[in-house]
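A.B. asks: Quick one: this structure, given as structure tokens, is what I'll be asking you about.
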């Protein structure tokens, strides 16, 4: 177990012990308050999957809570056993949530929030109209062993533990890993082989299923629900508050926040008075104030406080050097060979002389023609340079290859037509790229980012990952092994657990290249790899290009503003201007052409004043 | 009389440092060109000078006053206007409204009216289209509007960010000659941030920016010889 | 039917004032404020409480209480801008949205703590007269709403197109960076937006509560949601769109709500919002910039 994980494991253990012994200190009524608070906590954990991890602000979770509750009631009041009712609630919650999430395939951010708000407002009206959904007159019977409040409490703890296990599995497998990419770099996630649509719907489904479970527990606890108060908009807002105050992606913090919000007021309520009014009435407002302060000051919630505490306790004062370490050539060669071994069918690995052939490629954004009729060829094992003034269309070409731009024409990779493939499938064929402004997820660790780039290799169904079924465990192990190899190759092993955004810019760019290499490509597209690097780093980069070609057998296409770097490393070079090709040849040939000089410096030359 | 003195300016975006100690100056009535290829840090320099970006080190002295880190809103009061990259059109507002905003800080109504008159006389095409939305103008017309708007507050120093961007070569020459004329007739100093070598034609002094540092400077007749240095900086080829 | 439409227009007028409040803030700061409802409600609670219990010996009349609500709403808006929203400038807009949700939640829970959950009697500040129109009865608050909304729309239009500060506001809406470089003190524009939004929220609350009969925590946020639906349908960065959209929603709620039932009416509005978001996200009258 790594040092870093010690505090969180310990914290979990402490929380578990506290949860198990709590009934010894609480009376019956208080235990039931805690149980109710925990059901809300479960829903909040589900909401966190969307808000904290996937960046989708859902204001519909109180309604999903209600869906779970009524689904459980519908089954439970008809005499079926409670596990079946719970299962129905999970499925119902997941299904409704996926429907709520469908608009997110077309719209983003604020508009998604508004759509979920509209759904919440609409859904909370339904129970008043549809009496049949509430009950058939019988209560939802608790079996004899659950009648005791303390026993029911332990059932709830069991459900909480189950949810936490699912969340942990989410973080460890592809299904959950890609969600951070959807949150932070959605527009470019396809370049890592991530299909954002299915990923989002998966997130909605998991989130809704968890919320449904919370509703089911609530239904069994109350044995019948007569009014819709727990499922109205106010509770959706309260759930957001719990996630923010608890801390996004901090399950323990969220549970603590839920207890503060929902259990503390009634427990203290009858005994205490604050400013002349019962605590039960005043506490919620105080907690909302806490929320306000949280949002404005931007602390990372209770979870953040706990994490900082844990970090302080285990901080040895050493920080790893933030630059890549030097690597051993012989070991590198072995690693390089190893990374070339990917599960790609032979027909997609044939050694064709021309790896990439672009013909008549055009890209049009709205009214702007970004690429006009471009013809370009990349031969196997070449390093090809792509230069041009600002707005020439260089990155646009990469976007066309990655599938991130509306493209016409033909781009053949080996003998497949890339433009006929969905963007998320191109990574599997062997094309990897980096971005001009560093396209990885800064809030994630270095290792996680390298795992992210290999998404195409993790081809198991996301749900199987959650349940550790099938080949998912083996595949994940393989991914981790490959990630470690790639990190070793680039001298980044000592930085594997560091948060990417905390590293110097130059190191981040190296991580980006390492991640691209980890995905086992044959063609690597590097977009302005030297941007932001110091002159020494930029020089080393040139050597790295050659190493990538020689040791890893990669073919490179390199976009650069720093033309001298191109001149030093490239075999062939294309120069673009305003979306069209204006010159091609060896770098020396291209740079000497007057048309190219004009493109960089401007039309016409000034008369030279005699010295 | 130095209007603008920048000394050892450093800044960047988060962990990415872009400027590594930029020093330059602009005197009254001068046209100074700051040349560099993409990624050199030209726009970052202007954004730091105007306070849109916070400097991590160094100073900006305007007319003798330390303005490092001052809010951009105060610039116009100091007699400095900026024509941003892409011309900074307020697209939904009309030509006349854009011009009026150029004189936003001018209190005297008569002065504003006179400035408006001057703008319409210098750029008759703006008068023709004064009720048109700025977003519907062509690139060249927008360039004129940007210049006209910049002059409304009778500035002493104009910062121009890549005037040639998105303009055809003919329009670029036109834009540069307009700027030169403004400098000649109104005595407005200009810091011209450019990639296009034609800017050297109207500059009294010039600097070359590369990877966040000034690597060369020249004045007077030597300015035109910088062309070779630019070629070296952009393309790595000696002239 | 026509009468129902007119009543719907009156309710829609209340929505339109709330929608204008939301759009004013959104177009200048790109933050969607869901706090407008509770800002108005809290101001009205305070005003009506003052009317009932008196303070420092003064018992304002219902009309005066309404005016107090308007002013207090404005003050609350200014406070929220300074204390909550100003520190969030530069953060992603969703953070701002969550902040306004937090404000709404806080104010509603504060109302709960101070005034309890029982509905608070909300008498009409403009008396109880009524008017017969096309077969339906239009009460005094409803008439006032129609007139007030028209006045607000006209006044705002004049302000934005004919005054110097109005021009500055439109510049900030278009491009805050360019506006700053032109010398516009954008912070003042934000203050204006939030202050005016608060005034409008207070006025909407004072007139809407008597129509609904009473005031409860969250009742005005519910009204705000209809206003928001109208603003989204009309276009979040278009004041005209916000007004037209809200009137539309008001009419739908009025006609469908009374003829069929409120649930179906909510369903129709929900479907409308969803359709707009998916097919024309900038709204009927908004510009494509709105979908940032």
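A.B. asks: Testing the spin-label approximation: label points 7 Å from Cα along Cα→Cβ at residue A:9 and residue B:127. State their distance in nm.
C.D. replies: About 8.2 nm, to one decimal.
A.B. asks: A further question on this structure: Can you work out the PRE-style zone for residue C:134? Point 7 Å along Cα to Cβ, and I want the residues of the range C:217-260 with backbone N under 18 Å.
C.D. replies: In the range C:217-260, the label zone of residue C:134 (backbone N under 18 Å from the point 7 Å along Cα→Cβ) covers C:244-260.
A.B. asks: Please give the helix B:226-235 orientation as an angle from the longest Cα principal axis of chain B, in degrees from 0 to 90, rounded to the nearest 10.
C.D. replies: 80
A.B. asks: Turning to a different aspect of this structure: Which distance in nm do the two modelled labels at residue C:121 and residue A:593 give, with both placed 7 Å along the Cα-to-Cβ direction?
C.D. replies: Result for the modelled spin labels: 8.8 nm.
A.B. asks: Could you compute the FRET efficiency for residue B:61 and residue A:365, with r as their C-beta to C-beta distance and R0 at 41 Å, rounded to 0.05?
C.D. replies: Working from the Cβ atoms, E equals 0.45.
A.B. asks: While we're on this one: Mind telling me which of B:11, B:154, B:138 comes out most flexible in a GNM of chain B, alpha-carbon contacts under 10 Å?
C.D. replies: B:138
A.B. asks: Same structure again: Enter the Cα centre distance for the pair the range A:554-594 and the range A:318-380, rounded to the nearest angstrom.
C.D. replies: The two parts, judged by their Cα centres, are 17 Å apart.
A.B. asks: Between the range A:18-84 and the range A:281-310, what's the alpha-carbon centroid distance in Å?
C.D. replies: 22
A.B. asks: Compute the relative contact order of the range C:2-217 as a whole-number percentage, counting only Cα pairs closer than 8 Å that sit 6 or more residues apart in sequence.
C.D. replies: Value for the range C:2-217: 41 percent.
A.B. asks: So, R0 is 25 Å and r is the distance between the beta-carbons of residue B:113 and residue B:2; what FRET efficiency does that work out to, to 0.05?
C.D. replies: Efficiency at R0 = 25 Å is approximately 0.15.
A.B. asks: Separate question: Multiply the residue separation of residue A:380 and residue A:18 by 0.36 nm, subtract the distance between their alpha-carbon atoms, and state the gained length in nm to one decimal.
C.D. replies: 124.1 nm
A.B. asks: How far is helix A:28-48 tilted, in degrees, relative to the longest principal axis of the Cα atoms in chain A, given as a value from 0 to 90 rounded to the nearest 10?
C.D. replies: 20
A.B. asks: So what is the relative contact order of chain A, in percent, for Cα pairs below 8 Å that sit 6 or more residues apart?
C.D. replies: Relative contact order for chain A comes out at 17 percent.
A.B. asks: If I take every Cα pair under 8 Å that is 6 or more residues apart in chain B, average their sequence separation and divide by the length, what percent do I get for the relative contact order?
C.D. replies: 28
A.B. asks: If you take the C-alpha gyration tensor of the range A:71-209, multiply each eigenvalue by 5 and take the square root, what semi-axes do you get, largest first, in whole Å?
C.D. replies: With the √(5λ) rule applied to the range A:71-209, the semi-axes are 34, 21, 11 Å.
A.B. asks: Round to the nearest 10 and give me the degree value, 0 to 90, for the angle of helix A:109-123's Cα axis relative to the longest principal axis of chain A.
C.D. replies: The helix A:109-123 is inclined about 30 degrees to chain A.
A.B. asks: State the Cα centre-to-centre distance between the range B:141-217 and the range A:386-425 in whole Å.
C.D. replies: Cα centres, the range B:141-217 to the range A:386-425: 36 Å.
A.B. asks: To the nearest 0.05, what FRET efficiency results for residue A:417 and residue C:1 with a Förster distance of 60 Å applied to their C-beta separation?
C.D. replies: Efficiency, from the Cβ-Cβ distance: 0.50.
A.B. asks: Now for a different question. What distance in nm lies between label points placed 7 Å from Cα along the C-beta direction at residue A:311 and residue A:151?
C.D. replies: Using points 7 Å along Cα→Cβ, the separation is 4.6 nm.
A.B. asks: Rounded, prolate or oblate: pick one for the range C:1-48, where a ≥ b ≥ c are the square roots of the eigenvalues of its C-alpha gyration tensor, a/c under 1.5 means rounded, and failing that, prolate if a/b is larger than b/c, else oblate.
C.D. replies: oblate
A.B. asks: Continuing with the same structure: From the Cα gyration tensor of chain C, with a ≥ b ≥ c the square roots of its eigenvalues, which class applies: rounded if a/c is under 1.5, or else prolate if a/b is larger than b/c, or else oblate?
C.D. replies: oblate
A.B. asks: Full-extension gain between residue A:80 and residue A:293, please, as 0.36 nm times their residue separation minus the C-alpha to C-alpha distance.
C.D. replies: Fully extending the segment from residue A:80 to residue A:293 adds 72.1 nm.
A.B. asks: For chain C, set up a Gaussian network in which alpha carbons nearer than 10 Å are linked by springs, and say which option among C:150, C:14, C:204 fluctuates the most.
C.D. replies: Residue with maximal mean-square fluctuation among C:150, C:14, C:204: C:150.
A.B. asks: Based on the alpha-carbon gyration tensor of chain A and its eigenvalue square roots a ≥ b ≥ c, which shape applies: rounded if a/c is under 1.5, prolate if not and a/b is larger than b/c, or oblate?
C.D. replies: It is prolate, given that a/c is not under 1.5 and a/b is the larger ratio.
Quick note: the coordinates plus some simple rules give every number you see, no bench work behind them. Just so you know, these numbers come straight off a predicted model, no measurement behind them. FYI the Cβ positions are ideal-geometry reconstructions off the backbone, even for glycines, and counts take in every protein chain you see.
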